[in-house]
Amino acid sequence: MSATGFGWLVLAFPIAGMLVCALGYRKLPGHSAGWIGSLAILGSFAASIGMLFDLLDHPEEERELVDAAFTYFETAGVNVDLSILVDPLSVFMCLVVSGVSFLIHVYSVAYMDGDEGFARYFAYLNFFVFSMLLLILAANFVVLLVGWAFVGAASYLLISFWYRRTTATRAGIKAFVINVIGDIGLVIGAFLLFDATGALDYEGIFAEVNNAFSTNDGTLVAACLMILVGAFAKSAQLPLHTWLPDAMEGPTPVSSLIHAATMVTAGVYLIARTHPLFELAPLAADISAVIGTATLVFAATVAVVATDLKRVIAYSTMSQIGYMILGVSVAAYGAGLFHLMTHAFFKALLFMGAGSVIAAMAGNQSLDRMGGFRKSMPFTFVTFTVGALALAGFPLFSGFFSKDEILAFTLHRGGGFVVLAVVGYLASGLTAFYAFRMVFRVFFRPPVSEARELEHGHLAHADPQNPATGEPEDTGVGFPGPEHHIAERSWPMKAAMGPLALLALVGGFVAVPGLTDTLEHFLEPTFAESRFAESVPSHGAEYAGLGVGALVAIGGIALAFFVYMSRRALRLELRERFTTVHTFLFRKWYFDEIYNATVVRPMTAFGVFGRNVIEADFVQNTIVGGTVGIVRAGSSMARAIQSGYLRGYAALLLVGMTGLGLYFLITAAG
């Protein structure tokens, strides 16, 4: 089978799994919906491997294959096919997305056991993966936009999966609205490119872009900025980031799926895919690099003080995506995508570990309530710590190689990029600090009551309640199920976390400076035309960057140990001394408050005004009501006239003739 044939199978498996789970949910017994959904994604992963091997059989200059299923639409001379593009970039993304998503599906089989929406959950999950794979394999902007919109819809369904929780439905709506803003930006960007080049497919646009635009041409810069609006909304970068922490209202495996390898990486993929545009519009690329750096700093500072375990990891995601955005914006495409891959491993692992801990806490997500789970949850402790070490960039773990490669390349670009690299190193120190802030607070310190109970063989249970508001909840459909599952007692959860821990440990060795270049060599054909293809830092500079990164990571971990293990009272002392700073960070730099004051409340007030004044008073009462009143009055008069008496009609005739006579007399006199 050809690589494109495998590409269609990559899409076919998850859509088939979705249909089976959605249509057969009443008849599927036990966990069968979960295993069907998982096998569907495994099929996509196997097909991705088939794509890889077939593509490797082609010469490097021929590793860009397009295949069309049919004409999507043809009008006014514009012909758009439902076509897929199989090249090293799309194959790499398909492998990462389908591979990590499969493990998340397996984890979900145990985690969601007992939930009334079990089959519905896996239908949504398969639809989400299908949407992401469609986005990746799209060969033109139209199919990209279809996948882009599908991902937004699927994220809404999954974030608000427990739809009887008001916090979940609000979070789903918030994510959907912000992503629609991104969709609009992407549509405008595609239109500007089509207007200038006459093409909507990548190949046609990239072939014409140098003829249609000059360097930093105003229209091209505008198109790239609109593309960035789409990318930043999907990847939760400033200022379109506020949906991401709220997305933690979904089930923990959903958080893992959205934050690890799928939705939030779509923006990184989009910038990498459209890199010829950004290289011709370096102003837009520089803006992207600055915003990525600002985001990674913002998110790291908030993660230092956040107390919800899942939200700490969520802000970590935002920060790490900032590194990826920085990488692909400074033309370090291989490094940015390398970090995308390693991040998928350790971030999915961290969320899975968090889900296990939260289950042991009977649903409580507050770090202030956790502690001492090291002995009662040894498997979760080891795997979570591996993920934290990779996130912190500890030497030889996967994040150590990928994150520092981005910063080394940024330093190599020189000029103002040096400032961005220095900021990136400082933020990586914060990353190591908050990563082990989680480890020390969850697994060390004196055991909390739930940890002691688990040490005696009893998993804690509590009355179901919303962890965000404390409101009591039912366990029926639309709410979380009554059961809690931890990795120590569930083999599917172990089966998912084990491989991810191994990959988080050794995944970085595919790109060791001067020793291995497997990933970057594979991706070379996609970026062969880049003007930065040959401008790379020396191995010595890369190793110097790794050395600095190692010192920063070790320093951040040591500081976390000092604050949370050696001098535990220091944390409270610092909070009291720097109350204003702590409040500023804890309130997430007041972005939500600013948006509420400048956008949400004015728009809500305008909507209320429109409903109560324009719609009710003016339209209904004045226009509609006034017209109805006139018609009713006329009808009443007509009914009164139609009395049926001859004398009445004769009197009306006489009055009418008299009126006509008076009219003509007055007219003649005038």
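None of the figures in this text is laboratory data; all of them are computed from the coordinates on show. Owing to the predicted nature of the structure, the values given are computational and were not obtained by experimental measurement. Neighbour counts are summed over all protein chains in view; Cβ atoms, including those assigned to glycine, are modelled from backbone coordinates with ideal geometry.
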Cα-based helix-to-principal-axis angle, 118-137 vs the chain, degrees rounded to 10: 80 degrees
Mean-position separation - Cα centroids, the range 53-83 and the range 218-251, in angstrom: 28 Å
Rounded to the nearest 500, what is the chain's calculated 222 nm mean residue ellipticity when only DSSP H runs of at least 4 contribute -39500 (n - 2.57) each, over all residues? -22500 deg cm²/dmol
Amide H neighbours of Asp308 at under 5 Å, excluding residues fewer than 5 places away on the same chain, with H built from the backbone geometry, are Leu367
Taking N as the number of residues in the range 116-230, what is its Cα Rg relative to 2.2 N^0.38 Å? 1.29
Over what distance in Å are the Cα centres of the range 100-153 and the range 269-301 separated? 26 Å
Over all alpha-carbon pairs in the chain, figure out the percentage whose distance exceeds 37 Å. 41 percent
Take the chain, mark every one of the GluC sites (Glu not before Pro) that falls in a DSSP loop and has at most 12 other Cβ within 10 Å, then report the longest stretch left between them, sites excluded. 1-528
So the FRET efficiency between Ser635 and Glu615, C-beta based with R0 = 35 Å and rounded to 0.05, is 0.85
For the range 1-74 the trypsin sites (Lys or Arg not before Pro) that pass both the DSSP coil test and the at-most-10 other-Cβ-within-10 Å test are Arg26, Lys27
Quick check: residue separation of Arg369 and Asn211 times 0.36 nm, minus the Cα distance between them. What number comes out in nm? 50.8 nm
Take the residue pairs Lys27/Lys234; Lys375/Lys588; Lys375/Lys494; Lys27/Lys174 and return only those whose Cα atoms are more than 25 Å apart. Lys27/Lys234; Lys375/Lys588; Lys27/Lys174
Using the Cα centre as the reference, give the magnitude of the dipole from point charges on the C-beta atoms of the range 459-520 (Lys, Arg: +1; Asp, Glu: -1; all else neutral), rounded to the nearest 20 debye. 320 debye
Give me the Kirkwood hydrodynamic radius of the range 1-139, using the inverse of the mean 1/r over all pairs of distinct Cα atoms, in Å to one decimal. 15.7 Å
Between Thr75 and Val600, what is 0.36 nm times their sequence separation minus the Cα-Cα distance? Round to one decimal in nm. 185.1 nm
Once amide H atoms are placed 1.01 Å from N in the peptide plane, what residues at a sequence separation of 5 or more from Asp81, or on another chain, have their amide H within under 5 Å of its amide H? Tyr72
Sequence-separation-based contact order of the chain, relative, with Cα cut under 8 Å and 6+ spacing, percent: 13 percent
Note on the range 252-386: C-alpha Rg/Rh, Kirkwood Rh, two decimals, gives 1.06
Which value in nm describes the separation of the simple spin-label points at Tyr649 and Glu483, placed 7 Å from the Cα toward the beta carbon? 8.5 nm
Fewest-first ordering of Lys403, Lys347, Lys494 by Cβ atoms within 10 Å yields Lys494, Lys347, Lys403
